[in-house]
1. Which residue is modelled with the lowest pLDDT, if the candidates are limited to the range 426-446 and must be surrounded by 11 or more Cβ atoms within 10 Å (Cβ to Cβ) and of a type in the set (A, V, I, L, M, F, W, C)?
2. Just to check your reading of the model, which residue among Val163, Val141, Val130 is more than 23 Å from Arg24 (Cβ to Cβ) and at pLDDT 95 or above?
3. Suppose we filter Lys374, Lys395, Lys400, Lys370 for residues that are surrounded by 17 or more Cβ atoms within 10 Å (Cβ to Cβ), at pLDDT 75 or above and not polar (S, T, N, Q); which single one remains?
4. Would a scan of the range 438-453 turn up a residue that is in a helix (DSSP H, G or I), in contact (Cβ under 8 Å) with a residue 24 or more places away in the chain, in contact with a Phe, Trp or Tyr (Cβ under 8 Å, 6 or more places away or on another chain) and basic (Lys, Arg)?
5. If the requirement is being of a type in the set (A, V, I, L, M), within 23 Å of the chain's Cα centre (by Cα) and on the phi > 0 side of the Ramachandran plot, which of these qualifies: Leu78, Leu25?
6. Inside the range 1-44, can you point out the residues that are of a type in the set (Asp, Glu) and either in a helix (DSSP H, G or I) or modelled with pLDDT of 80 or more (or both)?
7. Take the residues in the range 239-261 that are in contact (Cβ under 8 Å) with a residue 40 or more places away in the chain and assigned to a loop (DSSP other than H, G, I, E, B); name whichever of them is surrounded by the most Cβ atoms within 10 Å (Cβ to Cβ).
8. Looking only at the range 102-114, how many residues end up being touching a residue at least 24 places away in the same chain (Cβ under 8 Å) and within 28 Å of the chain's Cα centre (by Cα)?
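The values are calculated or read from the model by the stated rules, or taken from the named source; none is laboratory data. For clarity, every value in this text was computed on a predicted model and none was experimentally measured. So basically every Cβ, Gly included, is an ideal-geometry build from the backbone, and we count neighbours across all protein chains shown.
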Amino acid sequence: MGFLQAVYKLAQKDSVSKSDLWSRLDLPGDPENGRVIRVGLKVSAFCAPYTVTGIGTIDVADLLAGDLSEEQWKTRYLFREPSSPSTGWRYTPIIKIGQPTTYEKFEESWQKFRKTLSEKTFPDFENSGVLAPGSTEIIIVALEERKQEIFSYMEKKRPHTLVFGIEENGIFHYPGDLQPFVDYCAHKLGNLSKPSSGGICSVCADPLTNVFHLDKIFSFATFDKPGFIPALNSNNKGGVFPICERCFDTFTRGRAILDRDFTDSDTLRGYNLWVIPEVLGGTTGEKITQRSFEDYFRSKKTSSEAQVLRYLTSLGENLVFHFVIWQKMQAKELLHLMVEDVSPSWLSTLENHWKAIRKCLYPEETPAAKDDLKYMFSFIFFIFSEQSQKSDEDKSVLTKIAIEIVSRLLSRRSIDTLWLKSIFVSRFPSLFSGPGNPEFSLQKQLMFIEYVSIVNQYVNRITN
């Protein structure tokens, strides 16, 4: 519950009404680097069902153009990814088209975009009375004729999104500017819940009218993940951690805050690390400590010199931290680690032991360069990744081992050094036949085994 409580508290600090639509929506791209290619649909009359007669102006804009806030832009785009790529409808007439480098590659992807628009986007707007019958075919034919113009607006190394809106007198109206699209999106968002036959919300204890579940917010919150609620009992799926609409919106805002302000994708390459603070007690001094941490995280998030884990070790005991490591795999989110209630003093202990073992074995190296937790966690992933010269499955097994070791270090659990040595020894053939320096790799392995032994001794003292 620590992780969920922390996310809930983060969202509660935002003064947002529960009726605000944006809390369940996302941005359709990177807020800092993303661009949208706006496609204005010409209509015979500015009322629903909109009868599309063709495509008017096509232009380009930054994802967050002008002075509007991120929340205001969410309500203009009305974007949210469907629960599955195979879903036969979309919340809004928007599709991500990425950043192809050449027109040839763009054309290769175009057929997939075309199919998504013609089969999974516009038809349901017709069926729901937002667009008039026949609009889909008109849009697709017109798009085909102007796809080269669309490509001309694309910049290298910048993600792009196609946004369809209604054009009136030369003015582009985003989906969220048009009530029929807003009503359509709100109806689809309302279907995220199920009617309740009774019971109370697991968070606020209010009676349940409609039941929501966490898998609509955290897609890794499924019943085959025993490390994460609601996977407590697969025989009781319908009753595990039901939440009300107000708490669902609060958790959704919390998820948006995590993605925006508390995601570290630099420490472990290819993985996302969440470090979520939670105040113990809630006194004024403790809240100031939490705010200090949040300000630090936000200010350092885009800096190449960010040392979030080092900063955590300097904080007092007014906070605990919840660590989550997850990975984005297309539309899926894979949860690899969740460790709750980690104190700053324990993080400091881990770092101090790491610093001591490195100083003993490598006194000639600059201490500040490789003495912090950020480097240590990256080091763990590296020494296991260099062991694998085989298949992706083999790499996956070693990655899971590295994550298990990180989990045990954070949660004050000892690590079997014989098990660790056996893993290293079993990989000697690939290590010695690989392109790296075997002697240097062995030195790193021995150093890490020594570090684990020291931490084990400390863990045994405080737990026995």
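1. Leu431
2. Step by step, each of Val163, Val141, Val130 is checked, and only Val141 is more than 23 Å from Arg24 (Cβ to Cβ) and at pLDDT 95 or above.
3. Lys374
4. yes
5. On the way: Leu25 fails: on the phi > 0 side of the Ramachandran plot.
Being of a type in the set (A, V, I, L, M), within 23 Å of the chain's Cα centre (by Cα) and on the phi > 0 side of the Ramachandran plot holds for just one of Leu78, Leu25, which is Leu78.
6. Correct list: Asp26, Asp30, Glu32.
7. Cys244
8. Number of matching residues: 4.
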